[in-house]
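A quick write-up on the structure given underneath.
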Amino acid sequence: MGAPPSPTLRLVTTDGLTGLPHRRQVEAIGEVLLQEATRFDRPVSVLVLSVDQLRRLTDVHGREAAEQALKNVAAILSEDPKMREGFSEGILE
């Protein structure tokens, strides 16, 4: 395992609210994972989540409530032991 990313690199590759990777970072990591899967003939799975009713949550309860909902989803993905087993750089392998 390599050294942790520098604060500057982390700032430009992750979302400040959730701590999860930005779309471009997910694409870059995904490309590497697909290349490795092809090279080693391994299966690849992708989990895509959509937080439904986020706009309604914002309209009814305010931006802070919507941001907290996103933080909660990110925390579940990164802290749940079942999810963490396959968690790599904020995405599931």
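The C-alpha atoms of region 6-54 occupy a region whose extents along the principal axes are 36, 34, 12 Å, arranged from largest to smallest.
In this structure, the amide hydrogen of Thr14, modeled 1.01 Å from its nitrogen in the peptide plane, lies closer than 5 angstrom to those of His22, counting only residues at least 5 positions away or on a different chain.
Taken together, the values in this text are just the output of simple stated rules run on the coordinates, not laboratory data. Please read all numbers here as calculations on a predicted model, not as lab measurements.
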